[in-house]
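Each remark here refers to the structure printed beneath this line.
Please treat every number below as a calculation from the coordinates, not as lab data. All values reported here derive from a predicted model rather than from experimental measurement. Cβ coordinates were reconstructed from backbone atoms using ideal geometry, including for glycine residues, and neighbour counts include every protein chain displayed.
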Amino acid sequence: MKEVELIIIGGGPAGIAAAIEAARAGEQGRGFAVVADEVRNLASRTQESTREIETMIDNLRSATGQAVSSMAHGKGQAEQSLEHASQADASLSEIEQELHTILEAGNRSFQIALRQHHVGDTQ
């Protein structure tokens, strides 16, 4: 009867049917009970493995979602950096133009000062 109880503990209609068949078979049913018990153990391990796989899939989905989120954030930061670099380039171009204008004005002032100095020397 121990085999019958183990099969019934496995639960479900298949376990109960196996227990009944083992009980009907008497002594010859012990082999059947052993096989039924192994089937129950295999089903239990299959359920456990299925739960582990579901957990792994959930973890992978979560990690994938986080990776996608991180990539989107990184893309946004890269776009913002590109915009800042473009603004810096435009600012540097403006500074270069202003420096060129200042240099030209300085050269003109220098030329005027030289002419005035030269005119003063000739008088």
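So between Val34 and Leu99, what do we pick up on full extension, going 0.36 nm a residue minus the alpha carbon distance?
Values: separation 65, 0.36 × 65 = 23.40 nm, distance 9.51 nm.
Stretched out fully, the Val34 to Leu99 stretch lengthens by 13.9 nm.
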Pseudo-spin-label distance Ala63 to Gln47, built 7 Å along Cα→Cβ, given in nm, is 2.8
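Test of understanding: what is the full-extension gain from Ser86 to Ala72, defined as 0.36 nm times their sequence separation minus their Cα-Cα distance? Don't jump to the answer; show the numbers that get you there.
Numbers: separation 14, 0.36 × 14 = 5.04 nm, distance 2.11 nm.
Extending this stretch completely gives an extra 2.9 nm.
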I need the phi-derived Karplus couplings for segment 42-56: 6.51 cos²θ - 1.76 cosθ + 1.60, θ = phi - 60°, integer Hz, Gly and Pro marked x. 4, 4, 5, 5, 5, 4, 5, 5, 4, 5, 4, 5, 4, 5, 4
